[in-house]
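These notes are about the structure you will find just below.
Taken together, the values in this text are just the output of simple stated rules run on the coordinates, not laboratory data. These figures come from a predicted structure and were not determined experimentally. Note: ideal-geometry Cβ built from the backbone for every residue, glycine included; neighbour counts use all protein chains shown.
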Amino acid sequence: MAGTVMGRVRGASPMGRWRVLANIVVAAGMALAAGPGPAGAAPFAYVPNAGASNVSVIDVAANAVVATVAGAGGNPFGIVADPAGTFVYLANANSVYVISVATNTIVATIPIAIGPAVGLALNPAGTRLYVADNAGHFLDVFDTATRALLAQIPLGGASRPWGVVVNPAGTLAYVTDFTNARLYVVDLATNTLSATVVVPAQPYAIELNPAGTFAYVTHGSGSISVVNTATNAITATMVTGGANRGIARNAAGTRGYVANFSGNTVAVLDLATNTILAAVPVGTGPIGVSVDPTGAFVYAINYTSNDVSVINTATNTVVATVPVGPNPGAFGWFIAGAGAPPPPPPAATAVPTLSEWGLVLACLLLGGAGAARLSRGGKEMA
């Protein structure tokens, strides 16, 4: 290719030669400015199918199942995708399976001493995995690099931990207790229980706003509690009137979405006013919800109708339905491949290599010589 370009330069007129060289300069500059091309793919939704012991992988750009992860055990349920979109963690009875997003295979199994493992959460850096150990009455802490158990945080002898979320600072975890109507606040610096909040019956899932100043707790008894995390007090209540299950919010923290299992709807929440804006009809038995990274679509997993409803957040209507396996259900954040909440840290700016700096210098020299040549040519023609 280089020989072809140089041939064009030699065969052209003096003015034409500089035009060719100028084009080379522009093209090289544009290539350097553009940087490396895209390396990732579209985000993927991981949908555990309890009736088939596998996981359906949905390409959210095409709204189609593109892979199936086998060997997910008898009742896969709790799930969380890491912030980098590299691994998905899936709870199943006395194990947590580690799924590689690159290969869509289970690459490791983390044993849970007592179990069953229910809710899962990661710290913002993705270095710690927190597991709600239901019968063990613990919040288990694992190192995601070594997959070793680091701590078992006691939540009380009668506790039955269910859902868990970590605040954006990575300093506190919030754990729901579906059986005892409690919300536990755990200090992650000391790995100790720091507060217990009495909440309405059947607290299920929990989500935080981007600042971590408010927690939103869904209840199977039909309401959603808003908890001020500074005071650990309930400051507002939203009523759906159905058996609420999973909850998710958009990245901006302006909208929340709650799966209403008995109402066959997804409630749309205004998180600024703590009001319910709409109830979107979906499939039967919605149990898990996640928002795509753009905030344009919500994915609701329907346990009874064996499918996933795709909701357009601009119109609050279902625009697609994706069939999956029998009895699907996900408890947690199940979209991976584009940064699951909390968002990953900004990517470091690429530093040009020595060869790239050499190309920059060559471009500048060629551009300067070309400008001087054109300037002299213009004077000669005047």
Residue among Ala259, Ala267 that alone is touching a Lys or Arg at 6+ places or on another chain (Cβ under 6 Å), without any contact (Cβ under 8 Å) to a residue 60 or more places away in the chain, under 18 Å from Ser223 (Cβ atoms) and crowded, with 21+ Cβ neighbours inside 10 Å: Ala259
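Looking at Asn63, Asn104, Asn92, Asn75, which is the one that is buried (at least 21 other Cβ atoms within 10 Å of the Cβ) and within 21 Å of Pro328 (Cβ to Cβ)?
Details: Asn63 fails: buried (at least 21 other Cβ atoms within 10 Å of the Cβ); Asn104 fails: buried (at least 21 other Cβ atoms within 10 Å of the Cβ); Asn75 fails: buried (at least 21 other Cβ atoms within 10 Å of the Cβ).
Step by step, each of Asn63, Asn104, Asn92, Asn75 is checked, and only Asn92 is buried (at least 21 other Cβ atoms within 10 Å of the Cβ) and within 21 Å of Pro328 (Cβ to Cβ).
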Of those in segment 43-78 that are in contact with a Pro (Cβ under 6 Å, 6 or more places away or on another chain) and β-branched (Val, Ile, Thr), the residue farthest from Ile110 (Cα to Cα) is Val60
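If a residue counts only when it is at negative phi and more than 15 Å from the chain's Cα centre (by Cα), which strands (runs of 3 or more DSSP E) contained entirely in segment 40-115 have at least 3 such residues?
54-59, 64-69, 95-100, 105-111
Taking segment 226-248 only, how many residues are touching a Ser or Thr at 6+ places or on another chain (Cβ under 6 Å) and either within 20 Å of Trp333 (Cα to Cα) or assigned to a strand (DSSP E or B) (or both)? Write out each step before concluding.
So in segment 226-248, the residues touching a Ser or Thr at 6+ places or on another chain (Cβ under 6 Å) come out as 226, 228-229, 234, 237, 239, 242-244, 247-248.
Among the residues that remain, those that are also either within 20 Å of Trp333 (Cα to Cα) or assigned to a strand (DSSP E or B) (or both) are: 226, 228, 234, 237, 239, 243-244, 247-248.
Residues meeting the conditions: 9.
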Of a type in the set (A, V, I, L, M, F, W, C), under 15 Å from Asn306 (Cα atoms) and surrounded by 24 or more Cβ atoms within 10 Å (Cβ to Cβ): does that describe Val80? no
